[in-house]
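The values are calculated or read from the model by the stated rules, or taken from the named source; none is laboratory data. Here the structure is a predicted model, which means the values were calculated and not measured. As a convention, Cβ positions derive from the backbone with ideal geometry for all residues, glycine included, and neighbour counts pool all protein chains shown.
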Amino acid sequence: MNEKALSLDPDLIEAQYGIGMIYFHQKRYEQAKKCFEKVIRYKKDFYPAYYWLGVMSNILKDYDAGINCYKVCASIKPYSEEPWEWLRLTYQIKGDVKAAQEAENKIIELGARKIEVNPNDVITLSRMAETYARKGESKKALDAIKRVMEIDPNDGLALHNCAGTYALLGKKEDAFTFLEAALETGVMNIIEFIKTNPDLESIHGDPRFRELLSKYSV
């Protein structure tokens, strides 16, 4: 793809990003990384490229690189809790308890603001549910899940987050029910993340977990 044209034509930037996503789904991470890096070379505020670079970094266990990407995401979208969810996760994996707790506080703060504007945002509600569960606030967590199911019981990412919430609360059967429901929706781009998601740690050792991954892996 012509470099000069790429720098001038937003449609070509989107196309380059799309190629990167194809590589990502094929697990050709090095090629995907090159595509995303090319995109942000010409559009420095292209949030999705930084986001998927961060996700790839986590998959490849380059957690410091992931943190750097999510911090950029947070600067591009200062009112979104999404980058803070990934920062929380990555800090947790690294064992940085203080930074993970600070990220949790940001998730609640930003999530509450978003819900005031859009009470039907199931992704934000489900992220808040997980955060409440990690903080030991089970009633708030379960109330958030109830609201998610009333609004949209078929959102794959929200169902995945609800599965994580139930796993954190020690409700394994519910965790498996919601995890399979999430995978049934076709939300396959998080399958690699599911394998190591610490919020699902309580069910990682259950044979049903491996069976689900085997059934839905491509």
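If you take the residues of region 116-154 that are crowded, with 17+ Cβ neighbours inside 10 Å and of a type in the set (Gly, Ala, Ser), which of them is farthest from LEU89 (Cα to Cα)?
Only one residue tops the list, namely ALA144.
Name the residues in region 48-95 that are surrounded by 23 or more Cβ atoms within 10 Å (Cβ to Cβ) and outside any helix (DSSP H, G or I), would you?
Correct list: GLU81 only.
Sort out which residues of region 85-133 are modelled with pLDDT under 95 and under 14 Å from ILE145 (Cα atoms), and write them in order of number.
none
Tally the residues that are under 19 Å from the mean Cα position of the chain (by Cα) and surrounded by fewer than 14 Cβ atoms within 10 Å (Cβ to Cβ), restricting the search to region 196-217.
Qualifying residue count, region 196-217: 2.
Rundown of residues vs (1) within 27 Å of LYS106 (Cβ to Cβ); (2) exposed (fewer than 15 other Cβ atoms within 10 Å of the Cβ); (3) among the aromatic types (Phe, Trp, Tyr); (4) modelled with pLDDT of 95 or more, yes/no style:
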position	(1), (2), (3), (4)
MET1	no, yes, no, no
LYS4	no, yes, no, no
ASP11	no, yes, no, no
ALA15	no, no, no, no
ASP45	yes, yes, no, yes
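Determine which member of the set PHE193, PHE178 is buried (at least 22 other Cβ atoms within 10 Å of the Cβ) and either modelled with pLDDT under 95 or assigned to a helix (DSSP H, G or I) (or both).
PHE178
Would you pick out the residues in region 69-96 that are closer than 18 Å to GLU37 by Cβ and touching a helix residue (DSSP H, G or I) at 6+ places or on another chain (Cβ under 8 Å)?
CYS69, TYR70, LYS71, VAL72, CYS73, ILE76
So which pairs qualify, if the first residue must be in region 38-51 and over 22 Å from LEU87 (Cβ atoms), the second must be aromatic (Phe, Trp, Tyr) and buried (at least 17 other Cβ atoms within 10 Å of the Cβ), the Cβ gap must be under 7 Å, and the two must be at least 6 apart or on different chains?
Matching pairs, first to second residue: none at all.
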